[in-house]
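Here the structure comes first, spelled out in structure tokens, and everything after it is commentary.
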Amino acid sequence: MRIKLEKRPAPSVAMMVLTPVLSVLLTMLIGVIVFDFLGVDGFGAVRDIFLTPILASYKWQDVAVKAAPLVIIALGLSVGNRAQVWNIGAEGQYIIGALFAAGVGIAAGDLGGPFVVLAMVLAGILGGALWAAVPALLKTRWDVNEILSSLMLTYVAGQVLGYLVGGPWKDPNGRNFPATAPLHDNQVLPIVFPGTTVHLGVIVALILPFAFWWLMARSMFGFQVRVVGAAPQAARHGGFDTKQTIWLALVISGAMAGLAGAFEFTGALHAINLGFPSGYGFTAIIVSFLGRLNPIGCLIAGVVLAITYVGGQVAQTTVHIPSSTAGIFQAMMLFLILASDIFIRYRIRFVSRRPQAAAVAGE
Amino acid sequence: MSIDFIIAAFITVVGLTTPILLAGLGELVVEKSGVLNLGVEGMMLIGAVCGFALTYTYGFDYPGIAPWGGILAAAAGGALSALLFGFLVLELNSNQVATGLALAIFGTGLSSLIGQGFTGMIITPFGSIFPDALATGRYTQVIFGYSPLVYFALAMVPAVHWFLNRTRAGLILRAVGENDLSAHSIGYSVKQVRYAAIAFGGAMAGIGGAYFSMVITPMWAEKMTAGRGWIALALVVFAGWRTGRLLAGAFFFGVLMTLELYAKASGFSLVPSEVWAAMPYLMTVVALTLISRRETAGGNAPACLGKPFLPTA
């Protein structure tokens, strides 16, 4: 018997939905086996990373707060990925977004209230969009690879953050620790459910996927992005402007990353220190693919990845594995989802080498 | 500026040039075969932790050969992780950009997990193997004072150049990168060539990573390659897929990173030290811009770079 790949007449929608679920389940299975092999309690690691955050209700708020930036950034990245524009510098745009928000907060001084907070959030969007506009300009003017330029700017953003929180913006009352002063109470994003850490940004992260769904599935812009990504030549014939698509894809994804950064700062952390860049911008790339570049898929995938983040911290204390181990699971999910892409366009057929023998066996 | 200062600075430059040169040479061969592997950072980290782990484990009993074994382990670790990427992109035709990113994330996580038992341990640095008189002499150290990896990296520059441009295998590799369907139709195995190139790239990245954990800081730390894998990727574009220019580019970045070190160490600088730290990354962007302008006319990039190989039969 041998395995044969057969092209499907049309991409399979069932596989498109099913494969991400299978990828997550398979990741858990492989995790148990590999970790046991490495001498770590594999079952415990997988249980704590994937299940404890769901079963323990007091972890739900952590999952929600962690999912918000992942979902928001992934929504923007999905637009770019659909157009085959690869922004992998969302982490940098996230940092700059938070810094812009902090800048407005500092400029406002003692002023606070809804309008100041709104201004901070809008500044975050602007900051992220501006940081992503640099790769867009370089790509459209000089054909500079956006993968490399956006990533290089992430490192630059990290240094900008280091300079600001260690110098001009350092908290004078912070015992010389490089961090901004904590936000005044009237400059923080409101908490939606009293007594929890769930801030307004979480609610926005719940609503935005539906807005993006409408944008991608129902608007002319969404159609343009999909055509440019799937068939660049057809797009040119159809009169779609490739450069405009690159600009929009990068600026939208940068704006979303900036928004996530501003929310994280004003809603969750209330101060920026050197530990602020936590890799959400990179993890969001996984969210985007696990969600099949679909806005609603991104919402679900964002929650799954947030669970592994929270679970990674649980496993660190219970089965004593480094919290970065969650990164292995996250990457494994991405590997599997990419590997399973093939099932969308092809189906597997088991072909017998000797057809007669098979017929006999069938009787 | 004293002569000793210049010598010390030059030695630092060479040290910082080596890892990105090693990883860059490997990636150059991979890209010449038409595959874009963005996972260099992850492969370097896996190489760094494998090299350190083996050297630390056997260094006490076999001090002479343990570091050589460490280098082999680093190369093997890098190559194996690269083959995981290779399987996905060559057998399952997965998206190369996304798969490379996955490898980068995977390598970061896996190296942390393997390395958690080795944090804080120290090994003897894998330094010069020449006699002390030569290796530490005031002037002779400029030539003899380096780790064997430095000479290996420098020797690989003409070796890779010769392989790509003067051998039959190199010609086939380039043909596969330029037009995979034609190479396939005249009977070459596109997949095998690409597997070999990917494994070579992984091994070189692994050795480059081991330079951090076995020579520069002789210890293991999470994410210790600090983005150099990405610089190596940029270096290949910057060099226009040419070996000679890759060496020049790597040296240039070595100088930039040395300036950062000196600015930080002296504590005296006209600009904040963060500006120096950001400089290699900023210069990469600037260099890519200057290069892209000229290269797009010449079209030196392999024609099949990053595209899946889909034979009709």
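The values are calculated or read from the model by the stated rules, or taken from the named source; none is laboratory data. Note that the structure is a prediction, hence the values are computed from the model and not measured. We place every Cβ from the backbone using ideal geometry, glycine too, and count neighbours over all the protein chains shown.
May I ask you to list the residues in segment B:273-290 that are touching a residue at least 40 places away in the same chain (Cβ under 8 Å) and more than 9 Å from chain A (Cβ to nearest Cβ)?
Result: B:A287, single match.
State whether one or more residues within segment B:219-235 are away from every other protein chain (no Cβ under 14 Å) and either in a helix (DSSP H, G or I) or surrounded by fewer than 22 Cβ atoms within 10 Å (Cβ to Cβ) (or both). Working first, answer last.
First, the residues of segment B:219-235 that are away from every other protein chain (no Cβ under 14 Å): B:219.
Keeping just the survivors that are either in a helix (DSSP H, G or I) or surrounded by fewer than 22 Cβ atoms within 10 Å (Cβ to Cβ) (or both) gives B:219.
Yes, some residue in segment B:219-235 is away from every other protein chain (no Cβ under 14 Å) and either in a helix (DSSP H, G or I) or surrounded by fewer than 22 Cβ atoms within 10 Å (Cβ to Cβ) (or both).
Among the residues of segment A:37-93, what is the count of those that are assigned to a loop (DSSP other than H, G, I, E, B) and at negative phi? Give the steps one after another, and end with the answer.
So in segment A:37-93, the residues assigned to a loop (DSSP other than H, G, I, E, B) come out as A:38-41, A:56, A:83-89.
Subsequent filtering for residues that are at negative phi retains A:38, A:40-41, A:56, A:83, A:85-89.
Counting residues in segment A:37-93 that are assigned to a loop (DSSP other than H, G, I, E, B) and at negative phi gives 10.
Looking at A:A102, A:A64, A:A56, which one is of a type in the set (G, A, S) and farther than 20 Å from A:E264 by Cα?
A:A56
Run A:L161 past the list (1) in contact with a helix residue (DSSP H, G or I) (Cβ under 7 Å, 6 or more places away or on another chain); (2) away from chain B (no Cβ under 14 Å) and report the number of the one that doesn't hold.
(2)
Check whether at least one residue in segment B:107-124 is surrounded by fewer than 24 Cβ atoms within 10 Å (Cβ to Cβ), in a helix (DSSP H, G or I) and more than 24 Å from the chain's Cα centre (by Cα), and report yes or no.
Looking for residues that are surrounded by fewer than 24 Cβ atoms within 10 Å (Cβ to Cβ), in a helix (DSSP H, G or I) and more than 24 Å from the chain's Cα centre (by Cα), one finds none in segment B:107-124, hence no.
Touching a helix residue (DSSP H, G or I) at 6+ places or on another chain (Cβ under 6 Å) and without any contact (Cβ under 8 Å) to a residue 12 or more places away in the chain: is that true of A:F37 in this structure? Talk me through it step by step, then tell me what you get.
On the way: touching a helix residue (DSSP H, G or I) at 6+ places or on another chain (Cβ under 6 Å): no; without any contact (Cβ under 8 Å) to a residue 12 or more places away in the chain: yes.
Taking the combined requirement at face value, the residue does not satisfy it.
Within segment B:158-165, identify whether any single residue is modelled with pLDDT of 95 or more and within 30 Å of B:D132 (Cβ to Cβ), and answer yes or no.
yes
Does segment B:235-245 contain any residue that is at positive phi, within 14 Å of the chain's Cα centre (by Cα) and modelled with pLDDT under 85?
No.
Per-residue answers, yes or no, for (1) part of a loop (DSSP other than H, G, I, E, B); (2) within 14 Å of chain B (Cβ to nearest Cβ):
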{"position": "A:A217", "(1), (2)": "no, no"}
{"position": "A:A257", "(1), (2)": "no, no"}
{"position": "A:A260", "(1), (2)": "no, no"}
{"position": "A:F276", "(1), (2)": "yes, no"}
{"position": "A:F282", "(1), (2)": "no, yes"}
{"position": "A:I285", "(1), (2)": "no, yes"}
{"position": "A:R292", "(1), (2)": "yes, yes"}
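May I ask you to say which residue of A:L148, A:L122 is surrounded by fewer than 24 Cβ atoms within 10 Å (Cβ to Cβ) and part of a helix (DSSP H, G or I)?
Working: A:L148 fails: surrounded by fewer than 24 Cβ atoms within 10 Å (Cβ to Cβ).
Testing whether each residue is surrounded by fewer than 24 Cβ atoms within 10 Å (Cβ to Cβ) and part of a helix (DSSP H, G or I) leaves just A:L122.
Among the residues in segment A:167-183, are any more than 23 Å from A:V116 (Cα to Cα) and facing chain B (nearest Cβ under 9 Å)?
yes
Test each condition in (1) over 16 Å from B:L233 (Cβ atoms); (2) touching a Gly at 6+ places or on another chain (Cβ under 9 Å); (3) hydrophobic (A, V, I, L, M, F, W, C) for B:A250 and report the one that comes out false.
If we test B:A250 against (1) over 16 Å from B:L233 (Cβ atoms); (2) touching a Gly at 6+ places or on another chain (Cβ under 9 Å); (3) hydrophobic (A, V, I, L, M, F, W, C), just (1) comes out false.
If I filter segment B:18-31 down to residues being of a type outside the set (A, V, I, L, M, F, W, C) and surrounded by 24 or more Cβ atoms within 10 Å (Cβ to Cβ), which single residue comes out as farthest from B:A203 (Cα to Cα)? Steps first, answer last, please.
As a first pass, look at segment B:18-31 and keep what is of a type outside the set (A, V, I, L, M, F, W, C): B:18-19, B:24, B:26-27, B:31.
If we keep only those that are surrounded by 24 or more Cβ atoms within 10 Å (Cβ to Cβ) as well, we get B:18-19, B:24, B:26-27.
Working: B:T18: 15, B:P19: 12, B:G24: 12, B:G26: 8, B:E27: 10 Å.
Across segment B:18-31, the extreme among qualifying residues is B:T18.
In segment A:183-215, how many are in a loop (DSSP other than H, G, I, E, B) and either surrounded by 15 or more Cβ atoms within 10 Å (Cβ to Cβ) or at negative phi (or both)? I'd like the intermediate steps shown before the answer.
So in segment A:183-215, the residues in a loop (DSSP other than H, G, I, E, B) come out as A:183-184, A:188-190, A:192-198.
Going one step further and asking which of them are either surrounded by 15 or more Cβ atoms within 10 Å (Cβ to Cβ) or at negative phi (or both), we end up with A:183-184, A:188-190, A:192-194, A:196-198.
The qualifying residues number 11.
Give the residues of segment B:59-86 that are at pLDDT 95 or above and among the aromatic types (F, W, Y), sorted by residue number.
Hit for segment B:59-86 is B:F85, nothing else.
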